[in-house]
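Undergrad: Take this structure, written in structure tokens, and hold onto it; I'll ask about it next.
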Amino acid sequence: MKKNLIAVLLGAALCVFSLPAQDAAARLGVILNNYSPRTAFTTGAIPRADLDLIVQAGVRTSSAGNRQPWFFTVVQNLSLTQRIIPQSVQGNVIIVISTEGTTNREIIDCALATQTIYLAAQALGYGSQIYTGPIAALNRELKGDLGLPANRNAVAVVRIGRVTAGTDAVSAASPRRSASEMVTYK
């Protein structure tokens, strides 16, 4: 699964259109079945090899004009992770996605990288959750602690960690709206 992670995340469109419908749905499982576990995070370290793979998936995210405006700060120190996300537990990792830019294009590119990191963690069997609420305080109070230069601002944070055994999308996620409420075909 680890060997195919980047290929699945970055090449899903090519694979999906060339496979029978049932194979395409299986390949999109991580995307179709993702969830944020909220309170199901538990203690336990994430191996460095898995973190490196998750970050590499983020690095390889597509961006407008291939500008790749993002920077990733991987925070493993419990004291610092709890200052960003107070409910963090031992072993949780916080990845801060930041950029020097302020345009919509740069912010959207960083959002794509954020989503890729979020899905990569889940593809490896970890819980992940995207946070934007702590961003203003992080940029105001924690940039020095994170080593972010003055010209760079955080735009999102992904929390990654182990989850309680048996946690699934039905029991751990908030309800999803149906596609019929959000999609119009013309």
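Undergrad: Give the residues of the range 66-84 that are open to solvent by 100 Å² or more (accessible area, probe 1.4 Å) and assigned to a helix (DSSP H, G or I), sorted by residue number. Outline the logic, then answer.
TA: Initial filter on the range 66-84 (open to solvent by 100 Å² or more (accessible area, probe 1.4 Å)): 66-67, 76, 83.
Those that are open to solvent by 100 Å² or more (accessible area, probe 1.4 Å) and assigned to a helix (DSSP H, G or I): Asn66, Arg83.
Undergrad: Please determine, by comparing only the residues of the range 105-116 that are open to solvent by 40 Å² or more (accessible area, probe 1.4 Å) and touching a strand residue (DSSP E or B) at 6+ places or on another chain (Cβ under 7 Å), which one is farthest from Thr81 (Cα to Cα). Outline the logic, then answer.
TA: Applying the first criterion (open to solvent by 40 Å² or more (accessible area, probe 1.4 Å)) to the range 105-116 yields 105-108, 111-112, 115.
Retained after the next criterion (residues that are touching a strand residue (DSSP E or B) at 6+ places or on another chain (Cβ under 7 Å)): 106-107, 111.
On the way: Glu106: 25, Ile107: 23, Ala111: 20 Å.
Checking each candidate, the answer is Glu106.
Undergrad: Another question, then. Arg159 is checked against (1) in contact with an Asp or Glu (Cβ under 8 Å, 6 or more places away or on another chain); (2) surrounded by 11 or more Cβ atoms within 10 Å (Cβ to Cβ) and fails just one. What number does that condition carry?
TA: Going through the list (1) in contact with an Asp or Glu (Cβ under 8 Å, 6 or more places away or on another chain); (2) surrounded by 11 or more Cβ atoms within 10 Å (Cβ to Cβ), Arg159 breaks only (1).
Undergrad: All but one of (1) within 27 Å of Glu141 (Cα to Cα); (2) modelled with pLDDT of 95 or more hold for Gly101; which doesn't?
TA: (2)
Undergrad: Next up: Looking only at the range 85-99, count how many residues are open to solvent by 50 Å² or more (accessible area, probe 1.4 Å) and under 13 Å from the mean Cα position of the chain (by Cα).
TA: From the range 85-99, those open to solvent by 50 Å² or more (accessible area, probe 1.4 Å) are 86-87, 90; that's our starting set.
When the remaining residues are screened for being under 13 Å from the mean Cα position of the chain (by Cα), the result is none.
Residues in the range 85-99 being open to solvent by 50 Å² or more (accessible area, probe 1.4 Å) and under 13 Å from the mean Cα position of the chain (by Cα): 0 in total.
Undergrad: Going by the structure shown, is Ala156 out of contact with any helix residue (DSSP H, G or I) (no Cβ under 6 Å at 6 or more places or on another chain) and either at pLDDT 95 or above or in a helix (DSSP H, G or I) (or both)?
TA: Working: out of contact with any helix residue (DSSP H, G or I) (no Cβ under 6 Å at 6 or more places or on another chain): no; either at pLDDT 95 or above or in a helix (DSSP H, G or I) (or both): yes.
For Ala156, the condition - out of contact with any helix residue (DSSP H, G or I) (no Cβ under 6 Å at 6 or more places or on another chain) and either at pLDDT 95 or above or in a helix (DSSP H, G or I) (or both) - is not met.
Undergrad: On to the next question. Of the conditions (1) open to solvent by less than 20 Å² (accessible area, probe 1.4 Å); (2) modelled with pLDDT under 95; (3) assigned to a helix (DSSP H, G or I), Gln129 clears all except one; give me its number.
TA: If we test Gln129 against (1) open to solvent by less than 20 Å² (accessible area, probe 1.4 Å); (2) modelled with pLDDT under 95; (3) assigned to a helix (DSSP H, G or I), just (3) comes out false.
Undergrad: List pairs: first in the range 134-151 and without any contact (Cβ under 8 Å) to a residue 60 or more places away in the chain and over 10 Å from Arg83 (Cβ atoms), second basic (Lys, Arg) and buried (at least 17 other Cβ atoms within 10 Å of the Cβ), Cβ under 9 Å, 6+ apart or cross-chain?
TA: From residues that are without any contact (Cβ under 8 Å) to a residue 60 or more places away in the chain and over 10 Å from Arg83 (Cβ atoms), the pairs are Lys143/Arg152; Pro149/Lys143; Ala150/Lys143.
Undergrad: Answer yes or no as to whether Asp109 is within 20 Å of Gly147 (Cα to Cα), of a type in the set (Asp, Glu), modelled with pLDDT of 95 or more and part of a helix (DSSP H, G or I).
TA: On the way: within 20 Å of Gly147 (Cα to Cα): no; of a type in the set (Asp, Glu): yes; modelled with pLDDT of 95 or more: yes; part of a helix (DSSP H, G or I): yes.
Judged against the criteria, Asp109 is not a match.
Undergrad: Which is open to solvent by less than 50 Å² (accessible area, probe 1.4 Å), modelled with pLDDT of 95 or more, in contact with a helix residue (DSSP H, G or I) (Cβ under 7 Å, 6 or more places away or on another chain) and part of a helix (DSSP H, G or I), of Leu51, Leu138, Leu119? Don't jump to the end; show me each part of the working.
TA: Details: Leu51 fails: in contact with a helix residue (DSSP H, G or I) (Cβ under 7 Å, 6 or more places away or on another chain); Leu119 fails: modelled with pLDDT of 95 or more.
None of the other options fit; the residue is Leu138.
Undergrad: Contact list please: Cβ distance under 6 Å, first residue in the range 85-103 and in a loop (DSSP other than H, G, I, E, B), second residue open to solvent by 40 Å² or more (accessible area, probe 1.4 Å) and of a type in the set (S, T, N, Q), pairs at least six apart or on different chains.
TA: Ser88/Gln82; Val89/Thr43; Gln90/Thr43; Gly91/Thr43; Glu100/Asn151
The values are calculated or read from the model by the stated rules, or taken from the named source; none is laboratory data. Remember, it's a predicted structure, so these values are computed and weren't measured experimentally. We place every Cβ from the backbone using ideal geometry, glycine too, and count neighbours over all the protein chains shown. Heavy atoms of the whole protein, side chains included, go into the accessibility calculation; ligands, DNA and RNA do not. Shrake-Rupley method; radii C 1.70, N 1.55, O 1.52, S 1.80 Å.
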